[in-house]
Amino acid sequence: MTMKRTTFLTTCFLSVVYSATALPIRQICQRSSDQPRLLHTFSSYPILSSTGNPQLHSSSQQPPESTTGGATLTLPPLSSNNTNSTSSRSLSLRTTFRIPHAFPPTTGPTAGNTVGLYAASFWIGLDSLTHPDCLAAVRAGVDIFWDGTLGGELAPFVWCQFGRGQAGGMPGFKAATGDVVRFWVDAGVGGFAVVGVENWGPEGREDEGQDGDEVGKREVKRPISAVKKVFKMEEGVGRRQSEESGQSACGLEVAWIVEDFPLVGGPGVPVALANFTSISFEQIGVARGSESWDATGAEVRDVWLNAQGGRLTRCEVVKGSEVKCLRVVGDQ
């Protein structure tokens with residue numbers, strides 16, 4: 001069903017207004033100095049795997065809805081010799097990306113709402129998407145917002161989440177849209193899960209060994225902000241054994257994700273996805289014990305929400321070293 005522009009009109013008699021397709025819209029009569037927040041739930045929507053098949057997204061073959069796009073890499077199970085080894089169970093993921101700017105979409109059912117709220121979330125995670133039996137899942141990311149009632153683009157919110165508990169911010173960490181951030185998440189080392197993030201500013205990290213550099217004669221660039229959070233893993237948490245395979249349910253998946261979350265205090269449906277143009281997860285590194293991987297072989301996923309125009313991302317893995325997602329509407 002096509003959403004008419006008039007469905008975005010608000011009145012002073014309503015606290016929250018819904019479009020004909022149930023998208024939550026903040027109304028102009030409730031201005032607030034508090035920035036909106038996204039509810040970082042573990043998705044109850046079916047997960048769409050595009051697997052590079054262009055026919056999957058044709059108008060004649062409408063896929064199930066999905067709030068997640070990006071890529072997931074399934075790791076091989078631990079061998080029976082390593083399941084009891086702490087070092088072999090430890091899993092780490094490192095990724096760099098530039099925080100995108102948030103804009104209203106220019107096309108599609110959610111375009112042109114000058115008093116609306118738009119948002120998007122970008123995160124990386126260990127066992128955080130398709131492994132619900134892993135209670136030690138850990139993920140971290142950035143949310144971006146555009147709110148017409150609060151003047152347009154808002155400051156990004158950097159967050160992390162351990163297990164199935166609530167996500168929290170990273171106190172003391174400062175970042176702006178356009179900045180290059182470096183995230184890392186580690187789990188299983190000494191009974192702890194660790195999340196870290198560095199902000200390298202709009203110019204990004206320096207590349208060591210550039211032509212003309214003289215070792216020891218150039219100033220080493222430092223991050224302008226950095227924070228680390230440590231979570232204690234309770235004994236046995238995240239180490240459930242599958243009755244079918246006898247293998248651990250944890251340490252088997254890493255993910256680079258674009259997600260459309262609901263709004264905190266909202267009705268539980270995805271907020272209108274912001275136009276972020278594109279996101280590139282780069283400088284990817286995955287390690288478990290002595291093994292290492294990049295994103296080669298990762299399964300590609302796309303956000304698809306019929307109320308917002310169908311397909312909303314076009315994601316791909318580039319040469320194993322980058323997961324890139326474009327913001328689209330329909331079959332653009």
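The values are calculated or read from the model by the stated rules, or taken from the named source; none is laboratory data. Keep in mind that what you see is a predicted model, and the values were worked out from it rather than measured. Glycine gets a Cβ as well: all are built from the backbone with ideal geometry, and neighbour counts include every protein chain shown. To get the accessible areas, we keep the full protein, side chains included, count just its heavy atoms, and leave off ligands, DNA and RNA. Shrake-Rupley method; radii C 1.70, N 1.55, O 1.52, S 1.80 Å.
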Scanning the range 158-193 for residues that are hydrophobic (A, V, I, L, M, F, W, C) and over 20 Å from Glu282 (Cα atoms) gives Phe162, Ala167, Met170, Phe173, Ala187, Val189, Phe192, Ala193
Of the listed residues (Val258, Val264, Val254), the one being more than 20 Å from Gly112 (Cα to Cα) and surrounded by fewer than 24 Cβ atoms within 10 Å (Cβ to Cβ) is Val264
Of the residues in the range 190-208, those that are assigned to a strand (DSSP E or B) and more than 16 Å from the chain's Cα centre (by Cα) come to Phe192, Ala193, Val194, Glu198, Asn199
Over the range 156-189, the set of residues out of contact with any Asp or Glu (no Cβ under 9 Å at 6 or more places or on another chain) and in a strand (DSSP E or B) is Cys160, Gln161, Phe162, Gly168, Gly169, Val185, Asp186, Gly188, Val189
Would the range 193-209 turn up any residue that is of a type in the set (Asp, Glu) and modelled with pLDDT under 50? yes
Checking Val254, Val303 in turn, the sole residue that is farther than 30 Å from Asp34 by Cα and not small (Gly, Ala, Ser) turns out to be Val254
Of the listed residues (Pro132, Pro104, Pro100, Pro156), the one being at pLDDT 95 or above and more than 23 Å from Glu203 (Cβ to Cβ) is Pro104
Residue set Phe183, Phe173; condition buried (at least 21 other Cβ atoms within 10 Å of the Cβ) and at pLDDT 95 or above; output residue Phe183
Of those in the range 128-155 that are charged (D, E, K, R) and open to solvent by 10 Å² or more (accessible area, probe 1.4 Å), the residue nearest to Ala193 (Cα to Cα) is Asp133
**Request:** Say whether the condition of being in contact (Cβ under 8 Å) with a residue 12 or more places away in the chain, closer than 19 Å to Met233 by Cβ and within 13 Å of the chain's Cα centre (by Cα) is met by at least one residue in the range 92-102.
**Result:** no
Report yes if Ala298 is within 28 Å of Trp146 (Cα to Cα) and either open to solvent by 60 Å² or more (accessible area, probe 1.4 Å) or touching a Phe, Trp or Tyr at 6+ places or on another chain (Cβ under 9 Å) (or both), otherwise no.
no
Exercise for the section: Taking Lys319 as the residue in question, decide whether it is among the charged types (D, E, K, R), open to solvent by 20 Å² or more (accessible area, probe 1.4 Å) and modelled with pLDDT of 95 or more. Expected result: no
Counting only residues in the range 270-288 that are open to solvent by 40 Å² or more (accessible area, probe 1.4 Å) and more than 14 Å from the chain's Cα centre (by Cα), the one farthest from Val181 (Cα to Cα) is identified as Thr277
From the option list Ser245, Ser292, single residue qualifying as part of a loop (DSSP other than H, G, I, E, B) and either loosely packed, with under 15 Cβ neighbours inside 10 Å or modelled with pLDDT of 95 or more (or both) is Ser245
Of the conditions (1) over 19 Å from the mean Cα position of the chain (by Cα); (2) free of Cβ contacts under 8 Å to residues at least 40 places away in the same chain, the single one that Val318 does not satisfy is (1)
